[in-house]
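Only one structure is covered here, and it is reproduced in the block below.
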Amino acid sequence: TVEHPCLVLVSNNRYELRRLGGFGTRERLDQGVLGIVALAVNGAADVAALVAAETAGQVSRVRGWREWEAASVEVSSTQAVAAGVDGEALELTSPVRLEIRPAALRVRVARHAPGLSPARALRVANPRALVQLALGRAVDLGADGSAS
């Protein structure tokens, strides 16, 4: 149980998150679990620590950060729950119960796909190319996911 989180992320499989501002990645989609992240911020000291951790790319080290995997999760509130679902802003009636249905979604991956998300492949192999991608510039990924 996480009391009064200011952020809850529920995803199909666990994301690797270093920053709140994006560039999260996940190695797989087929593990049949929900990845859950909850962040509780209590006061100015926690905000300062969060800003420092965000800048360093280490948000998971913040005191109020919790992450785990489960087959289901419930978010309860005394009011409607503001949610983003695949980029759409919604207000959901509390409680919100989410559960995983393994193998309910089929994902087709091209034969030439590198096996890692482009962001993950670039961060591992070529941080400079990752910056280029973030700036909207074209980056050519080889069959192994490396940038040329």
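Grab the beta carbon distance between Arg108 and Gln31, set R0 = 22 Å, and tell me the FRET efficiency rounded to 0.05. Numbers along the way, then the final one.
Working: r = 18 Å, r/R0 = 0.82.
In this case the efficiency is close to 0.75.
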Compare the peptides 85-97, 41-53 by average per-residue count of other Cβ atoms within 10 angstrom and give them in order, highest first.
41-53, 85-97
Where labels lie 7 Å past Cα in the beta-carbon direction, separation of Leu98 and Glu3 in nm:
2.4
Run the 1.4 Å probe and let me know the accessible area of Ser72, rounded to the nearest 10 Å².
40
Read phi for every residue in region 37-42 and hand back ³J(HN,Hα) as whole Hz from Karplus 6.51 cos²θ - 1.76 cosθ + 1.60, θ = phi - 60°, with x for Gly and Pro.
10, 10, 10, 10, 10, 10
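The values are calculated or read from the model by the stated rules, or taken from the named source; none is laboratory data. Keep in mind that what you see is a predicted model, and the values were worked out from it rather than measured. Counting neighbours? That spans all protein chains shown, and the Cβs are built from the backbone with ideal geometry, glycine included. These area figures cover heavy atoms from the full protein model, side chains too; ligands, DNA and RNA do not enter into them. Shrake-Rupley method; radii C 1.70, N 1.55, O 1.52, S 1.80 Å.
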